[in-house]
Amino acid sequence: MDAFVTALASPAPLQRGMYDRTAHHSAVQKPSHPPTRQQALDAHTTRLDALRTQARAARRRQQPATTTAPAPPTSTSSALRR
């Protein structure tokens, strides 16, 4: 049992052939193909939309909850400007 646990926890890489079904059926390696232009454009657009959404949310969090208008100038302050 100790040997099994040691082998299971080992960080050493495993030597497996491509398409070997040694694990779950969905864990089979498949060759990677570069995305098409449309797939790259769609992925980029999705990332930009997500970043815009995050930026808007961050700006909303930074704004104060209540905004007050500045006080109108008093008669003494307008007299001082003349």
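Can you tell me how much longer the chain between residue 15 and residue 38 gets when fully stretched, taken as 0.36 nm per residue apart minus their C-alpha distance, in nm with one decimal?
Length gained between residue 15 and residue 38: 4.7 nm.
From the phi of every residue in segment 42-48, what ³J(HN,Hα) in whole Hz does the Karplus formula 6.51 cos²θ - 1.76 cosθ + 1.60 yield, where θ is phi - 60° and glycine or proline is x?
5, 5, 5, 4, 4, 4, 5
Any read-out appearing in this document is the output of simple, stated calculations on the displayed coordinates, not a laboratory observation. Since this is a predicted model, take the numbers as computed values, not measurements.
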